[in-house]
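Before any comments, here is the structure.
Read-outs: derived from the displayed coordinates by stated rules, not from any lab. The shown structure was predicted, so the numbers you read here are calculated from the model rather than taken from an experiment. Cβ placement follows ideal geometry from the backbone for every residue including glycine, while neighbour counts extend to all protein chains displayed.
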Amino acid sequence: MDTTMAIPVRRALRNLGLNIRAARLRRRIPMSIVAERASISRATLDKIEKGEGGVSIGSYATVL
């Protein structure tokens, strides 16, 4: 994770990622399906679910 980001921003991204992961698991949708529907790689989806800051906000929005 980018250490130059403010702590509240890092915390918000982490929470968003955890919420995205929880929603995916509740619906029992595999990562591969979500990634395919969002036109991103599984690696990018993994980064989103971990709340990493190096992922574009557009990718977060597409997954949502």
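Label I57 and L25 with points 7 Å out from Cα along Cα→Cβ: what is the distance between them in nm?
So the label points at I57 and L25 sit 2.8 nm apart.
If the only charges are +1 at each Lys and Arg Cβ and -1 at each Asp and Glu Cβ, what is the size of the charge dipole of the chain around the Cα centre, to the nearest 20 debye?
320
Per DSSP H run of n ≥ 4, the term is -39500 (n - 2.57); total these for the chain, divide by its residue number, and report the mean residue ellipticity at 222 nm rounded to 500 deg cm²/dmol.
Mean residue ellipticity, 222 nm, calculated: -21000 deg cm²/dmol.
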